[in-house]
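Structure first, commentary second.
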Amino acid sequence: MASMLSASICGVSSITKGGSSRRSKLFAKNHYASISASYVPTLLHKTGKTQKENFAIISRHNLDHHYKVIDEGSTCQKRENKYVAKAISSRQSFEYEAKDPKSIWVTIKNTFDAFYRFSRPYAAIEGAMAVTSLSFLAVEKLSDLSPLFFIGLLKLLVASFFMNIFHCGFNQLCDIEIDKINKPYLPLASGEWSYTKSATVVASSLLLCLGLAWIEGSWPLFWGFSIGAILTAVYSVNLPLLRWKNSAFLAAINIFTNAGVVRPLGYYLHMQTCVLKRPISFPRPVIFCTAILSLYFLVVALSKDIPDTEGDEKFGVQSLSVSLGQKKVFSICISLLQIGYGATILAGATSPFLWSKLSTGLGHGLLALALWYRAKSVDIKCKDSFQSFYMFIWKLLSIEYFLIPLFR
């Protein structure tokens, strides 16, 4: 029966110019009708193959067969063109679906979301506010607020943004296994980003911030970024005499030195010497700024480990929360901030300007009251509750950046 089917199909392909176009069309039509009406069901019945298998054999034969019809208007030539047209149409349809704007938008959205989590946006916002606050602290008179000042501020914001990506990303590269327990939502810990991709982003960010400082010819900014990068590596890299995060004392020193002294001074001196073209100086407001920011980041260094006690204890990280307990460290953090607010109110009272006395005193008095009220509702055993309080500390720091330029 298979030979009969083959002979019949071959008969169609051997039509020559001797017959008319009309007869060729009729013959082809009747012949295919006879195949579909009698030979195919018989073949399916007698061979015992499934309908799907036989249909695949017949379809493959019809598609691969080259019709040898010489007549230009033959039905076989039209059928071949029809198959080609359908194939092209199907391919175009597939390409259109592959390039669906909705899927492209979803891909872009997912990429942005992963980068958002990798760069820790609250830290990036804090960095931007620190740059802005320290830049305005360098302003001594209204004429300093020139277009040159704001262009310099914009360049500094871009450079600090890349530095923040390096700082956050480098810690994640060194803490993958710990983050799988403490912060599994991070793209590197969850496997959403590969190690190579993350390392490329981190290295590129460091080169960009150092390159921008070099192009500007700002040595305070260049060395501020360089020392900050070294302190970040000392904090995280697991090598002898390094990985200071394993020691509560060394970790606290590292964080408040990096974020509370080195980077703020680098920002201030950059605006003072490179943008405003003044000699290096350390006036009273700068000393106050570094003191209060150092205290804030000491509290951040201590409090950030409170919800991570489980993972730190498992991997031998002797944070203060592991050594003293979560509750005691939480009380220390609240006490340090309240003492800092009290000292700031007293320092503001010594200002020769009434508006500075009022803004510093009232501002920090309200911050102390808000901290006391918020601390009463924190459940340190609940990660979500403490994470919310931890973000509240960053909000207090953000408000502090508005108050710093008002201290004179």
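Just so you know, all these numbers are worked out from the coordinates, no wet-lab data involved. This one's a predicted model, so the numbers in the text were calculated from it and none came from an experiment. Note that each Cβ is placed from the backbone with ideal geometry, even for glycine, and that neighbours are counted across all protein chains shown.
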(message) Suppose the chain between Glu140 and Trp105 were pulled fully straight at 0.36 nm per residue; how much longer would it get relative to their current alpha carbon spacing?
(response) 7.9 nm
(message) Neighbour counts of other C-beta atoms within 10 Å: give me Glu177, Glu216 arranged from fewest to most.
(response) Glu177, Glu216
(message) As an exercise, use a Förster radius of 22 Å and the Cβ-Cβ distance of Ile399 and Ser247 to find the FRET efficiency, rounded to the nearest 0.05.
(response) 0.10
(request) Using only the alpha carbons of the stretch 174-231, determine the length spanned along each of the three principal axes and report them from longest to shortest in whole angstroms. (result) 42, 20, 14
(message) Let me confirm the definition first: pairs of Lys residues in the stretch 121-286, 8 or more apart or on different chains, C-alpha distance under 30 Å. How many are there?
(response) 9
(request) Would you please give the FRET efficiency between Leu358 and Arg278, computed as 1/(1 + (r/R0)^6) with r the Cβ-Cβ distance and R0 = 30 Å, to the nearest 0.05? (result) 0.60
(request) Count the lysine pairs in the stretch 322-408 whose Cα atoms sit under 28 Å apart, keeping only pairs 8 or more residues apart in sequence or on different chains. (result) 12
(request) For Phe150 paired with Cys382, estimate the spin-label separation in nm (one decimal), with each label point 7 Å from Cα along the Cα-to-Cβ line. (result) 4.5 nm
(message) Under the rule a/c < 1.5 gives rounded, and otherwise a/b versus b/c splits prolate from oblate, where does the stretch 135-190 land using the Cα gyration tensor?
(response) prolate
(message) If I model a spin label as a point 7 Å beyond the Cα along the Cα-Cβ vector, how far apart are those points for Ser194 and Ser331 in nm?
(response) 5.1 nm
